[in-house]
Amino acid sequence: MTLHTQWLTLGLMLGSGWLMGFMLDLYRVLSRRFRLGGWAVSLVDLLYWGVSAGLVFSLLMWSNWGELRFYIFAAILTGWLTYHTWFESWVRRGIEWSVHAVEQILRFFLWLFLVVVWRPGVAVWGLLKKLLVLGFRLLLWILRIPLWILSPLGRWLQPVGAPLVRRLEPIVRPVVQFSRTIRRWFSGKGKDDEV
């Protein structure tokens with residue numbers, strides 16, 4: 001292994017130790033903020049160590065084809081201690097500030113969605129529903145006149161049509177129930193209002 005490769009490996013391992021400390025602080029701040037507990041902590045711990053090991057292994061393979069020497073472990077530990085000695089408090093405050101800023105941005109976009117999309121959509125849906133109910137009632141009112149005129153004819157044809165009605169009843173019953181459900185829906189009555 002050349003001297004250039006050794007210095008490159010040493011620098012990368014110092015950086016990976018520093019990055020492991022940063023990821024650990026990020027994990028601590030986020031777990032406190034989101035109140036992780038139970039199996040979630042174990043899962044994130046496993047994820048942290050998996051990502052850390054993958055980072056170190058991939059950098060080691062890239063820099064010196066995976067040769068392990070004592071100075072590699074010393075460099076990782078030195079990078080981690082450097083982070084915790086000089087950078088931990090600043091970085092932790094920065095992470096906390098960033099998390100707070102992201103939360104505020106998400107709250108703003110949620111408020112914007114509610115004001116621009118959700119509330120107008122609900123208002124338009126309520127107006128459309130009222131218009132449909134009004135149209136349905138108007139249609140029923142218009143159809144009452146021809147049905148009133150044809151009602152004597154219906155009484156006269158009732159003895160003839162009774163067997164036909166009995167045969168069509170299993171087919172017509174679901175349609176009638178569906179129309180009643182739609183009528184209850186448009187009138188604002190739920191299933192609890194049924195008698």
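The values are calculated or read from the model by the stated rules, or taken from the named source; none is laboratory data. This is a predicted model, so every value here is computed, not measured. Every residue, glycine as well, gets a Cβ built from its backbone with ideal geometry; the counts of neighbours run over all protein chains shown. All accessible areas refer to the heavy atoms of the entire protein, side chains included, with ligands and DNA or RNA removed. Shrake-Rupley method; radii C 1.70, N 1.55, O 1.52, S 1.80 Å.
Laid out as a table, the results:
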{"read-out": "Loop trypsin sites (Lys or Arg not before Pro), region 1-106 (other Cβ atoms within 10 Å of the site Cβ: 11 or fewer; DSSP)", "value": "ARG35"}
{"read-out": "Rounded to whole Hz, the Karplus (6.51, -1.76, 1.60) HN-Hα couplings of region 85-102, x for glycine and proline", "value": "7, 10, 10, 4, 5, 5, 5, 5, 4, x, 5, 4, 5, 5, 4, 5, 5, 5"}
{"read-out": "Rounded if a/c under 1.5, otherwise prolate or oblate - region 20-96, Cα gyration tensor axes", "value": "oblate"}
{"read-out": "Rounded tilt (10° steps) of 3-33 against the dominant C-alpha axis of the chain", "value": "40"}
{"read-out": "Chain lengthening between VAL102 and ARG119 when straightened (0.36 nm per residue, less Cα-Cα)", "value": "3.7 nm"}
{"read-out": "Helix-only [θ]222 nm of the chain, DSSP H runs n ≥ 4, -39500 (n - 2.57) each, per residue, nearest 500", "value": "-31000 deg cm²/dmol"}
{"read-out": "Volume per residue that the Cα convex hull of the chain spans, once the total is divided by residue count, Å³", "value": "273"}
{"read-out": "Tensor-based shape of region 59-104 (alpha-carbon gyration tensor, a/c under 1.5 rounded, otherwise prolate or oblate)", "value": "oblate"}
{"read-out": "Within the accessible area of the chain (1.4 Å probe), percent carbon and sulfur", "value": "74"}
{"read-out": "Segment LEU55-ARG184, extension gain: residue separation times 0.36 nm, minus the distance between their alpha carbons", "value": "40.3 nm"}
{"read-out": "Coil-residue chymotrypsin sites (Phe, Trp or Tyr not before Pro) of region 1-35, DSSP, other Cβ within 10 Å capped at 16", "value": "PHE34"}
{"read-out": "Efficiency of FRET between TYR71 and LEU43 - r from beta-carbon atoms, R0 35 angstrom, step 0.05", "value": "0.55"}
